[in-house]
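Trainee: One structure is given below, represented as structure tokens, and several questions about it will come after.
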Amino acid sequence: MTISINTTRKEQTIKLCFINGLFMGGLILDLVASFLAFLTARWLQRLSAEERSKLEEIFTDKSSPRKNDEEQPAIDEQELQKQQQQQQQEDLFDRILHFWLSFSLFSSMPLLVLGVMCMAAGIGIYVLTCHKPIVGVLVILAYVGLAPIVVGIFLIGSGKKRRMGVIHELGKRRGDW
């Protein structure tokens, strides 16, 4: 950053503008992501007991795999008709509004990932173009070394076997590193 502070607009090169743009863009994305994460957590805390149980019910239904139709309870005809009528009554504007609001609540993680990727790219380009090659190599090695740890979090997923394996390993450590 000191390079861009000490140079005038005419002296800035395209690579310096690109580096600053990536880094500052990533910073803004990360700030917005943290703000959205806080607001989402606060919104979820303020749900009533009835709203919480409905949300939990919907999450459970979406995440639990269906083994076969015999184990699933039969859907009541009246309930099915009631749901269809409710969906038809909801107009296009309401559907778009509800989609936008729900996206706003759960978009902090993609924004955070995008922001970190922009900042990492800006730092990577900076060290590869403005420093000696050894600095660039060491930073790239740090990125490559940390990537499996970060990717591992996303690979846990919702598979029961994998999640139980992770829980078992965490239990063996009892919170110790």
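Trainee: Answer rounded, prolate or oblate for segment 103-156, using the Cα gyration tensor with square roots of eigenvalues a ≥ b ≥ c: rounded when a/c is under 1.5, else prolate when a/b is larger than b/c, else oblate.
Mentor: Values: a/c = 6.71, a/b = 1.76, b/c = 3.81.
In terms of gyration-tensor shape, oblate.
Trainee: Quick one: grab the alpha carbon gyration tensor of segment 5-59, order the square roots of its eigenvalues as a ≥ b ≥ c, and give me rounded if a/c is under 1.5, else prolate or oblate depending on whether a/b is larger than b/c. Could the numbers behind the result be given before it?
Mentor: Numbers: a/c = 9.61, a/b = 4.38, b/c = 2.19.
Judged from the Cα gyration tensor, segment 5-59 comes out prolate (a/c at least 1.5, a/b above b/c).
Trainee: Let me cross-check R95: its accessible surface, 1.4 Å probe, with only protein heavy atoms counted, in Å² to the nearest 10?
Mentor: 120
Trainee: Find the centroid of the Cα atoms in segment 133-161 and in segment 12-46, then give the distance between the two in whole Å.
Mentor: Cα centroid to Cα centroid, the span is 21 Å.
Trainee: Can I ask one more? Counting only the heavy atoms of the protein chains, how much of D61 is accessible to a 1.4 Å probe, in Å² to the nearest 10?
Mentor: Rounded to the nearest 10, the figure is 100 Å².
Trainee: Quick check: pseudo-label points 7 Å beyond the Cα along Cα→Cβ at V166 and M24, how many nm apart are they?
Mentor: Here the modelled spin labels are 3.7 nm apart.
Trainee: Something else: Which value, in Å² rounded to 10, gives the accessible area of S108 with a 1.4 Å probe and all protein chains present?
Mentor: The accessible area of S108 comes to roughly 20 Å².
Trainee: Right, another one. Give the ranking of I123, I153, I19 by solvent-accessible surface, highest area first, calculated with a 1.4 Å probe.
Mentor: Of I123, I153, I19, the descending order of accessible area is I153, I123, I19.
The values are calculated or read from the model by the stated rules, or taken from the named source; none is laboratory data. Since this is a predicted model, take the numbers as computed values, not measurements. FYI the Cβ positions are ideal-geometry reconstructions off the backbone, even for glycines, and counts take in every protein chain you see. Heavy atoms of the whole protein, side chains included, go into the accessibility calculation; ligands, DNA and RNA do not. Shrake-Rupley method; radii C 1.70, N 1.55, O 1.52, S 1.80 Å.
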